[in-house]
Every structure is written in C-alpha cells, then in structure tokens.
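The values are calculated or read from the model by the stated rules, or taken from the named source; none is laboratory data. Bear in mind that the values here come from a model prediction, so they are computed numbers and not experimental data. Don't worry about glycine lacking a Cβ; one is built from the backbone with ideal geometry, like all the others, and counts go over all protein chains shown. Heavy atoms of the whole protein, side chains included, go into the accessibility calculation; ligands, DNA and RNA do not. Shrake-Rupley method; radii C 1.70, N 1.55, O 1.52, S 1.80 Å.
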Amino acid sequence: MTTSTGRHFLQIPGPTNVPDEVLRAMSAPTIDHRGPDFSDLLTELLRDVRPVFGTTGPVVVFPASGTGAWEAALVNTLSPGDTVLCFETGHFATLWQEMATRLGFTVDFVPGDWRHGVDPAVVAERLAADTAHRVKAVCVVHNETSTGVTSRIPEIRRAIDDAGHPALFLVDTISSLGSIDYRHDEWGVDVTVSCSQKGLMLPPGLSFNAISAKALTAAGSARTPRSYWDWAPMLEANDRGFTPYTPATNLLYGLRAALRVLYAEGLENVFARHARHAEATRAAVRAWGLEILCADDREHSNVLTAVLVPDGADADHVRRTILDRYDMSLGAGLGRLAGRVFRIGHLGHTNDLTIAGTLAGVQMGLQAAGVKVSPDGVNAALDLLGRPAG
Ligand SMILES: Cc1ncc(COP(=O)(O)O)c(C=O)c1O
C-alpha cells in the first residue's frame, strides 16, 4: 500500500481543486428549496452568475453534469430531423455530435485532425453553400478538453454573419468558462453550455445554459420532445426564485462562494493568471523537448496542455508513474489519443507554486518512466513564473 502525505495534486483538466471556502460553504445544512431563503439564494445566483458568461440575459442551472447542458441546448432549440453543423475538434466535439445524432437530428460533421480548432473559413464556406438554410445550428466546443485547443469564437461568429446565415450558434464552454475570456452577448452566441467542475472550481453536479433572445424564440417553436431539460418551466419557476424540481441546494451554496472568489480576484486577472500559467507550462514542455498537441499558435488552450509522448513511449505509463510516485493525477489521452498524450490541467484554483510543483512532478515522472527529457523544463517555467505578473 502506498501512503501519501500533503495534498493530492489534482492536475486533470477538470474536475478541478475546490477552494476551502467553497467546500466550507457547501457544508452548511440543506434548506427547504420551496422556502424564502432558497428563493433569495437562487435569485441572487441567477443574477450574479451572468457576468461569468458575459451576458445580461437568462442563465438556467440544471442539477447535472455538462452532458445534460449539451442535451438541453439541442432539445430546446431544434426539431426532429433538423440539420446541425458540427466540427471534429476532438473527443468532446465527437461525443456532442453523437448525442445530436441519437436525438434524431441530422449531423453534418466536418472532419478534423484533433490538433486544430474550428476553421472560421470552413464555417463560412459550409454556410455559404447552404443556400436553403437547412442548417439550424452551428455547434462548437470553445475549449476542446481532449486536445488543449481553443477555437476562436468571435471569428466563427463573423463567419456565420458574413455568410448571412440564420443558424443558431451553440457553444460548449465546459472547460473554458471562468478561465478563458468569454462573451456570450458580445460574440452573438445563442446558447452557451457549461458546468460547475472546471473553471468555476466546484464539484461536478451543476450544468448551465445561457440563452439568447433568438434561442428563446426558437424554443417557442422547437418540436423535440423534452421534459427534464425544458427551459420553459425552469424559466417560469426561476422568475419566482424557484426550480421546477429539487435543485442541488448545497452546490448552489458552493456556486455563491465560488463566484465571490472569482469576482474578488477580478475576471480579467483570472484570465491573465490562466494565460500566464499556460505559457509557463508550454515553456516547460518545449524545453523538455516534447511536442505540444495543439498545432496552431493562435489556438493554445489556457486551461490545459496536451503533451505528445515520443514514439515508443506510453503516456498512460507516465501518468501511472507520476500518480504512484508523486500522488499527482494528470489527464489521460481520450479516444484516438489514448496512450499518446497526457494532459496537464492548469485551470481553476491555481497559483504559481502549484504550477511549479505540477511541472516538477511531471519532469521527475517523465524521467522515472524512462522518457528522455531535458532537465531544463522546470527552469524554463520558473524563469517565466519568476517575472512579475502583468
Ligand atoms: C469540452 C467538454 N464538453 C463536454 C464535457 C462533458 O461534460 P460532463 O463530463 O460534465 O458531462 C466535457 C467533460 O470533460 C468537456 O470537457
């Protein structure tokens, strides 16, 4: 049996480390979700969560993992047989389009190499060719958690507009929200999908849809059967400070505390911290002599870095070695990347020393697992982290 002392290093790209004040907030007694205190709590939260999404419009919260919010976005806005345009940026984009297919929509899935984000030029091309406006929604994963690639949402919006196409724009921000700059209103997104366990620094269990006026109108005529995920009863109950079924009350206490943590730092500073830690991580990977999976410098993720191991090495062996020796969890390669990459999460409740410690653990673990890397990686990161922030 191995024993561990000190804190486990949870450096997967979500779920992320939960700050102590958030844990403490969630340990309060559960209250009556039909009483006045709950109504005050929910009303406050539904207002205060909006700036994280960059919206002044409604945000609904489901007791669910992010997958539930994916489904809610689709079933509220579309009718059976509608066409959706999806892009193969990685494992999660693939899962989302599989869900759309299972739900009875027609998916136009643009192939990808899992090293690039959505190409705005391809969006423009596909939509310009769709003169009959068969495509009812464009679905994009903002930060593809399986690859560490971030798609450029404003440019994709521009491509939709340039094509003069009326499709709804649905964006998955499951691993970007609260970590990477995101603007639902300004970028003209119709449904933003998200969840609790990544940038919001909460345990899994809450999922979100931010909804534009255009998406609300679409929901009025969408014919896909829906019940649990239906926005209409949720919005109607939310107006009174309630929910149509039992909410995840203690996670909502946590959300209130997590929003306080984020706003105390300031969203701009939160985004800058993530950018800095991502840069330090990439500096380490390059100095080790390893390859970053993301192939376009404009698309590096600020929340995780997927690292390719050299031919003949096994990324899962590296991860196992690091877990056994240093009590640190890293993200596995998913889908077609299994065994070929490991993913370093650098999002959520982090600071310079947790990033430095993470990279030290990765460097030692790579060496222990027999992967030849230069010992300069950690120093390259420390050089960067040692410079004053901002
Ligand atoms: C980008 C992205 N989309 C969707 C999901 C699915 O979310 P969940 O596992 O919370 O259902 C994940 C999970 O990590 C994700 O990273």
**OP:** Report, in degrees rounded to the nearest 10, the 0 to 90 angle that the Cα long axis of helix 315-326 makes with the longest principal axis of the chain.
**Re:** 70 degrees
Original post:
For the chain, what does -39500 (n - 2.57) per DSSP helix run (n ≥ 4), summed and divided by total residues, give at 222 nm, in deg cm²/dmol to the nearest 500?
Top reply: -13000 deg cm²/dmol
**OP:** Collect residues whose amide H, placed 1.01 Å from N in the peptide plane, falls under 5 Å from the amide H of V141; neighbours closer than 5 in sequence don't count.
**Re:** D172
Subject >> Cα shape, the stretch 76-156, gyration tensor, a/c 1.5 rule >> reply: oblate
Original post:
Taking Cα centroids, how far is the stretch 78-102 from the stretch 221-268 in Å?
Top reply: 24 Å
**OP:** Skip the ligands, DNA and RNA, and give the accessible area per residue of the chain with a 1.4 Å probe, whole Å².
**Re:** 40 Å²
Original post:
By how many degrees, 0 to 90 and rounded to 10, does the Cα axis of helix 66-77 deviate from the longest principal axis of the chain?
Top reply: 30 degrees
Subject >> Computed label-point distance, nm, for sites H317 and D108 using a 7 Å Cα→Cβ extension >> reply: 4.5 nm
**OP:** Select from T150, P29, V123 the residue farthest towards the positive end of the dipole of the chain; place +1 on Cβ of Lys and Arg, -1 on Cβ of Asp and Glu, and compute about the Cα centre.
**Re:** P29
Original post:
With +1 on each Lys and Arg Cβ and -1 on each Asp and Glu Cβ, how big is the dipole of the stretch 266-385 about its Cα centre, in debye rounded to the nearest 20?
Top reply: 200 debye
**OP:** May I ask you to list the trypsin sites (Lys or Arg not before Pro) in the stretch 1-102 that are in a DSSP loop and have at most 11 other Cβ atoms within 10 Å of their Cβ?
**Re:** R7, R34
**OP:** Keeping all protein chains in position, work out how much accessible area F62 exposes to a 1.4 Å probe, and write it in Å² to the nearest 10.
**Re:** 0 Å²
Original post:
For the stretch 135-206 and the stretch 33-75, what is the separation of their C-alpha centers, rounded to whole Å?
Top reply: 17 Å
Original post:
What is the stretch 20-263 by shape, rounded, prolate or oblate, if you read a ≥ b ≥ c off the alpha carbon gyration tensor as root eigenvalues and call it rounded for a/c under 1.5, prolate for a/b larger than b/c, and oblate otherwise?
Top reply: prolate
Original post:
Tell me, what is the FRET efficiency for A128 and D297 to the nearest 0.05, using R0 = 22 angstrom and their Cβ-Cβ distance as r?
Top reply: 0.20
Subject >> Calculated SAXS-style log₁₀ I(q)/I(0) at q = 0.14, 0.17, 0.30 Å⁻¹ - the stretch 308-371, Debye, Cα scatterers >> reply: -0.38, -0.55, -1.32
Subject >> Inter-probe distance in nm under a simple model that places probes 7 Å from Cα toward Cβ, at A237 and D37 >> reply: 2.0 nm
Subject >> Zone of A28's modelled label, taken as backbone nitrogen in the stretch 48-85 under 18 Å from a point 7 Å along Cα→Cβ >> reply: 48-49
**OP:** Using all C-alpha to C-alpha distances in the stretch 266-385, build P(r) with 10 Å bins and read off the rounded percent in each one.
**Re:** 15, 49, 32, 5, 0
**OP:** Would you please give the residues with an amide H less than 5 Å from that of R152, counting only those at least 5 places away or on a separate chain, with H modeled from the backbone geometry?
**Re:** V118
Original post:
Would you list W229, W70 from the most to the least accessible area, probe 1.4 Å?
Top reply: W229, W70
Original post:
For the stretch 87-194, which whole percent of the accessible surface, found with a 1.4 angstrom probe, sits on carbon and sulfur atoms?
Top reply: 52 percent
Original post:
Probe 1.4 Å, all protein chains in place: accessible area of D119 in Å², nearest 10?
Top reply: 70 Å²
